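Rule-based calculations on the coordinates, nothing more; no lab input. Here the structure is a predicted model, which means the values were calculated and not measured. Reconstructed Cβ throughout: ideal geometry from the backbone, glycine too, with neighbour counts over all protein chains shown.
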Amino acid sequence: MFCGGPIIICGGDEAGRGAIIGPLVISLVSVKKSSLHLLSEIGVRDSKMLPDERRRALFKEISEIASDVKVAKILPSEINDAMRNKISLNELEAVHFARLFDTIPHDINTVYLDSPDVVAEKFGIRFNMSSAKPTKVDGIKGPAAKGIKCAKIIAEHKADSKYAVVSAASIIAKVTRDNEIKKLERELKMKIGSGYPSDQKTVDLIKKNLKNDSLTQHIRERWYTMERIKQTSLTSF
């Protein structure tokens, strides 16, 4: 229940959704409505449109402006287990966003989410069903909880380019994932590249290390790219 404090807006986005190596990182950034303009003033925008150096500078500035910054990592092992059990990545992501949202200590007025679902609102519904807090998906009719003000959930495609608070979350998630990949490179003493199947460096590394457990534990085994690599490896002998 809201207690008359400042209006706080929250934005959520991810990084590493399509990767084959490393975690899927999600982030929620909460900002007082009165401070939202500061995000635009420092140049916050969709992380994909910013160079790495600028993202890293903004990471620190966003953390100083925000009321709260939350980050969670969904590891390849969990993604593999979910896919084995016919749980979609959209479902898994929504559940983790909801869990992360539930840890925010402030009352949130509105949550903007970058939706991966074909029907954008469906991601908001998944989030709503997984959160322990009172929430309501914008545009979806449902029974109102008497005397309780719900946080409004707005799930839209390309929200990271529409709302500065979602752009901020995309930057936090992207920098965090990049740091995770660099950390993994140091641990494994291997050059991973971006970790995406479009990166030839990443694909070549996997081809050379199909039986290397230290690497394969960080791979999303049920990705189509991984199945194709294995098939190619079998037919090449």
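Brief remarks follow.
- Max mean-square fluctuation residue, GNM over the chain, Cα-Cα springs under 10 Å, options Ala98, Ala19, Ala57: Ala57
- Cα-derived Rg to Rh of region 188-235, Kirkwood definition: 0.91
- Inter-label distance, nm, simple model (7 Å from Cα along the C-beta direction), Val118/Asp102: 3.0 nm
- The GNM of the chain, with springs linking C-alpha atoms under 10 angstrom apart, assigns the highest mean-square fluctuation among Val95, Val119, Val203 to Val119.
- Legend: distances between Cα atoms for Lys133/Lys162; Lys191/Lys211; Lys158/Lys201; Lys73/Lys183; pairs beyond 22 Å are Lys133/Lys162; Lys158/Lys201.
- Angle of helix 164-188 to the longest C-alpha principal axis of the chain, folded into 0 to 90 degrees and rounded to 10: 30°.
- Backbone HN-Hα couplings from phi across region 65-73 [Karplus 6.51/-1.76/1.60, Hz, Gly and Pro as x]: 7, 5, 6, 7, 10, 10, 9, 9, 10
- Both radii are taken from the alpha-carbon atoms of region 63-202; with Rh as the Kirkwood radius, Rg/Rh is 1.01.
- With K and R counted +1 and D and E -1, the other residues having a Cβ less than 13 Å from that of Lys183 yield a net charge of +1.
- Computed over the chain with a Gaussian network model linking Cα atoms closer than 10 Å, the most mobile of Ile104, Ile65, Ile87 is Ile87.
- Estimated dipole of the chain in Debye, rounded to 20 [Cβ of Lys and Arg +1, of Asp and Glu -1, Cα centre]: 260 debye
- Within the shell defined by Cβ-Cβ distances under 14 Å, the residues around Ile192 carry a net charge of +4, with Lys and Arg each +1 and Asp and Glu each -1.
- Ratio of Rg to Rh for the chain: 1.01 [Cα atoms; Kirkwood radius as inverse mean 1/r over pairs].
- Note on the chain: dipole from Cβ charges, positive end direction compared against Ser214, Val29, Ile65; the farthest Cα belongs to Ser214.
- Contour minus Cα-Cα distance for Asp68 and Asp138 (0.36 nm per residue): 22.9 nm
- Rounded to the nearest 0.05, the FRET efficiency derived from the C-beta distance between Glu185 and Ile7 at R0 = 30 Å is 0.10.
- Start at zero, step by 10 Å, and the Cα-Cα distances of region 1-111 spread as 13, 40, 32, 14, 2 percent across the bins.
- R0 of 25 Å, Cβ-Cβ distance Gln200-Asn90: FRET efficiency to nearest 0.05: 0.35
- Other residues lying with their Cβ under 11 Å from the Cβ of Ala132 contribute a combined charge of +1, Lys and Arg counting +1, Asp and Glu -1.
- Assigned charges on the beta-carbon of Lys, Arg, Asp, Glu; region 35-75 dipole about Cα centre (debye): 220 debye
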